[in-house]
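Nothing in this text is a laboratory measurement; each read-out follows from the coordinates by a stated rule. Everything numeric here is computed off the predicted structure, so don't read it as measured data. Virtual Cβ from ideal backbone geometry, glycine too; neighbours counted across all protein chains shown.
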Amino acid sequence: MKADTKGVLTGLHFMDGDHSCCEGLLAAGCRFIGGYPITPSTEVVERFAERIPKVGGVFIQMEDEIASSIVIQGAVWAGLKAATVTSGPGFSLMMEHIGLAAMTETPCVFVNVQRGGPSTGLPTLPAQSDMMQAKWGSHGDYEIIAVSPNSPQECFDFAILAFNYAEQYRVPVMLMMDECVGHMYERVKIPSADEIELVERRWATCAAGEYLTYKPDADLVPRMAKAGDGCRILVESLTHDERGYPVITPQAQKKLVSRLVNKIKNNAHKIYKYEEYKIEDAEVIVVSYGITSRVAFKAVELARQKGIKAGLLRLIVVWPFPEKKIEELAAKTKAFVTAEMNLGQIVLEVERCAHGKAKTLLAGHAGGTVHRPEEILEVIEKAISPNSSVGIWEL
Amino acid sequence: MTQTLELKDKMEGLLRTNRLPHVWCSGCGIGIVLNSFLRALIASETDENKVAVSCGIGCTARISGYMNIDGFHMTHGRALAFATGLKLANPALKTVAIGGDGDMIAIGGNHFIHAARRNIDMLVICVNNFNYGMTGGQAAPTTTKESCGTTAPYGSFENPFNLPFIADACGAVYVARWTAFHVRQLQLSIQEALKKKGFSFIEIFSQCTELFLRKNKYGAGLDEMKFFKQNSVIKNGADTREAEFNSRNDKIVVGKFVDRERPDFKESMDGYFGKVLKDKFIRYEGPLQTKI
Amino acid sequence: MEIRIAGFGGQGVMLAGNILGKAASIYGNKYATMTQSFGPEARGGYASSCLIISDEKILYPYLTKPDILVSMSQEAYTRYINDLKEGGTLIIEEELVKLEPEPKNVKIFKAPATRIAEQVGKKVVLNIVMVGFIAGITKILDKEVVLKAILDTVPKGTEDMNKKAFESGYEYAVKNLS
């Protein structure tokens, strides 16, 4: 399905990541945002508020982030594509409804322009310290998808990618930006609508009387009907059966929650996305994502200039985590350096998947600014030094 | 007789009968509310395919699961915020939020006042049983003074909310209160509110037999119905400030208090954007039709 | 090439950076990345637009040692003068900035940009005069390319005034250099 020309601002722009993200959401067909202003994400909703009356859709500034994160789910069940946009403190308030979207299989997008935390932290400065929260923040077992852009261009591209994943797998998708990417200006190329491929909602095709809200297809994803279609849908936040009826038993829990998890795990090989740079002969592989991956690229180049065989694995999709890829690389390389703007989050995943076959080091940063390339280089050098041991952690 | 049979069939068509028996205790008033709501739907000839019921969490919030219409059992307190999304994304839906007092006015209080302020076109039905039933009888923001709850073991000393007054002050276009005793008036009130455009609010005093009544030794369900009957005064058009029910010694003021016209959110939005953006404004009409 | 354009909030330093970034990345066939830094005040505090223009992809997005500092206020000058690269270029609005402390080992260019802006029509085009002056002094971008970006950015109906502002700034720079 092609994008609707009405929402696509085709052309070349010099734009910041927040504005570009908004254009990406519009291009993806998002016609509803419920939001609450919070630095450094506010520009996304400000632009949406300005654009949407001229495109056809709804923007509503809700009373808080809790309301924002559920009003969009109402809009989705009424048939629209919808997103909300926030940053740290607001993201914390949205956690319950990320779980709701996972449980009720409501396709929607949560944009988090990350800033330094915990609590109010650094409202105007970047961090990547919500990465674990994005995966584990709501209670219970569930899976989500998270993508991490490293440029304003990617804020546009990945907003579309996020919606496509959301519709394909009927999960909440996290677009994990950060203040640096959100506020930096670069050239953004917006293609024409017919160059933008969108995944259509998986609408039910059976007769209205036969529709069951949670009967999955072979890939474990159920089809959707919207309110008002005459399907008498039952959308249930309690553990439920295929009809949407609550069933409070261990058996029903196992069946439902396993499916919610497996629909992502079984399809993970189709969801993973990463970029590799000079990985073939690398003795040290830097694993990075988002804005830090750009600096990591520079660090790898500096290392190569010094004769160190360094490479880069840049994660585009951070969740689900590319377990197999890390396992495979761990057998070939000597060390991983995880470069991220936090004090150690995704490095835990790298460590887990390396199974002790390669050293795992952290090039962490408490946030407030991005790493200097030299800071990552220093850890790369440490990684190849014979004195460093497996699992070394230095902040 | 035929008419009654026809009504019975219609009622059964609107129930997910394979889900019965329901979770509510015997003597509970929520079943009365369900009954009145379905009768009102039928009597008002509302297209049941275009009705969506949004609920939060609690005894009353289970109501959507028993109705054979589009139903949403969401998170605690958030029924109105969810319903706002439903309504704005599909203006053709008749959106109804039904819940208890704890759900709607404690944890969901913020959404309540803002949905009323924005005049979102929805019918909100709040079943007030003066305590938290599903979690075992804790005190609520509606608990009458000196009545006990498990978290107010010596009796409540806080001031309870006057819900019609809040709804009125926040701009609701229709405000009424009845009790589980007033089944006829309640049904007619729901019928009337279903036809209203804008934020309509009906509060229903209801008996929580196993917890609130038992704990406070107020008698059985039937005794509470008698209490409602004997202590209610019907005052249509009363100032909502008079609807205070602070203690069990107060009179229960019931009736239709507010019935007025105000442009709803969508009308305001469309009217305003049309005025300031002129031909640049693209009015949102609703989602595209899907295959079903 | 790293450029910092700094002044007080409301002077249009962001727009100036935006125009140069747009000129470089959309019309000039180069890469450009712009970040910003602000004081906490909405108006009147310091504001600075940080621009990197390069023939290669820009990986590190922030300034390290600017090649060019454009200062349009005293506070911006004192705040940023020590960051300027040795042998770098300092461009100031001469009526708004006194060279105190005296900068060492930098090339200094002064423009009466406020006065020029007033002659052109309005004080608000000060930033566009400065863009012209920067373009004329540094020659990092072709004149036409910058002008294109200006016309593409400014509000409809103000194109002529902005074009005049740009050209006046540019000419002043060329005269100043010769």
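Taking the criterion of being among the basic types (Lys, Arg) and either over 22 Å from B:HIS182 (Cα atoms) or within 14 Å of chain A (Cβ to nearest Cβ) (or both), the only residue of segment B:17-46 that qualifies is B:ARG19. Please go through segment A:287-318 and pick out each residue that is within 14 Å of chain C (Cβ to nearest Cβ) and part of a strand (DSSP E or B). Residues satisfying the conditions are A:SER288, A:LEU312, A:ARG314. Applying the criterion of at least 3 residues that are touching a helix residue (DSSP H, G or I) at 6+ places or on another chain (Cβ under 9 Å) and more than 14 Å from every other protein chain (Cβ to nearest Cβ) to the strands (runs of 3 or more DSSP E) found wholly in segment C:39-136 leaves C:68-71, C:89-93, C:107-111.
Those residues that are of a type in the set (Ser, Thr, Tyr) and crowded, with 16+ Cβ neighbours inside 10 Å, I need them from segment B:1-43; list them, please. Walk me through it before giving the result.
Kept after step one, since they are of a type in the set (Ser, Thr, Tyr), are these residues of segment B:1-43: B:2, B:4, B:17, B:26, B:36.
Result: B:SER36, single match.
Scanning segment B:75-108 for residues that are part of a helix (DSSP H, G or I) and more than 10 Å from chain A (Cβ to nearest Cβ) yields B:ASP101, B:GLY102, B:ASP103, B:MET104, B:ILE105, B:ALA106.
A residue that is surrounded by fewer than 16 Cβ atoms within 10 Å (Cβ to Cβ), hydroxyl-bearing (Ser, Thr, Tyr) and more than 22 Å from C:GLY45 (Cβ to Cβ) occurs nowhere in segment C:73-86.
A:TYR274 - would you say it is under 21 Å from the mean Cα position of the chain (by Cα), closer than 30 Å to A:LYS6 by Cβ and among the hydroxyl-bearing types (Ser, Thr, Tyr)? Walk me through how you get there before you give the answer.
Values: under 21 Å from the mean Cα position of the chain (by Cα): yes; closer than 30 Å to A:LYS6 by Cβ: no; among the hydroxyl-bearing types (Ser, Thr, Tyr): yes.
No.
With respect to A:ALA127, determine if the residue is within 30 Å of A:LYS226 (Cα to Cα) and buried (at least 22 other Cβ atoms within 10 Å of the Cβ). So A:ALA127 fails the test.
Condition (residue is at the interface with chain B (Cβ under 7 Å from one of its Cβ atoms) and touching a residue at least 12 places away in the same chain (Cβ under 8 Å)) applied to segment A:104-116: is it met by at least one residue? Write out each step before concluding.
From segment A:104-116, those at the interface with chain B (Cβ under 7 Å from one of its Cβ atoms) are none; that's our starting set.
There is no residue in segment A:104-116 that is at the interface with chain B (Cβ under 7 Å from one of its Cβ atoms) and touching a residue at least 12 places away in the same chain (Cβ under 8 Å).
Which residues, taken from segment A:222-269, are touching a Lys or Arg at 6+ places or on another chain (Cβ under 7 Å), charged (D, E, K, R) and either crowded, with 16+ Cβ neighbours inside 10 Å or more than 14 Å from chain B (Cβ to nearest Cβ) (or both)?
The first filter runs over segment A:222-269 and keeps only residues touching a Lys or Arg at 6+ places or on another chain (Cβ under 7 Å), leaving A:222-224, A:228, A:234, A:242, A:245.
This time we only want the ones that are charged (D, E, K, R), so: A:223, A:242.
Result: A:ARG223, single match.
Please tell me if A:ALA383 is touching a residue at least 12 places away in the same chain (Cβ under 8 Å), crowded, with 17+ Cβ neighbours inside 10 Å and farther than 30 Å from A:ALA166 by Cα. Step through it out loud before you land on a result.
Details: touching a residue at least 12 places away in the same chain (Cβ under 8 Å): yes; crowded, with 17+ Cβ neighbours inside 10 Å: yes; farther than 30 Å from A:ALA166 by Cα: yes.
Criteria met by A:ALA383.
Here C:MET34 clears all of (1) more than 9 Å from chain A (Cβ to nearest Cβ); (2) without any contact (Cβ under 8 Å) to a residue 24 or more places away in the chain except the condition numbered (1). The set of residues in segment B:47-64 that are buried (at least 18 other Cβ atoms within 10 Å of the Cβ), of a type outside the set (Gly, Ala, Ser) and either away from every other protein chain (no Cβ under 12 Å) or in a helix (DSSP H, G or I) (or both) comprises B:GLU48, B:CYS59, B:THR60, B:ARG62, B:ILE63.
Taking segment B:142-169 on its own, how many of its residues are over 16 Å from the mean Cα position of the chain (by Cα) and on the phi < 0 side of the Ramachandran plot?
From segment B:142-169, those over 16 Å from the mean Cα position of the chain (by Cα) are B:143-160, B:169; that's our starting set.
Checking the rest, the ones that are also on the phi < 0 side of the Ramachandran plot come to B:143-145, B:147-154, B:156-160, B:169.
Qualifying residue count for the region: 17.
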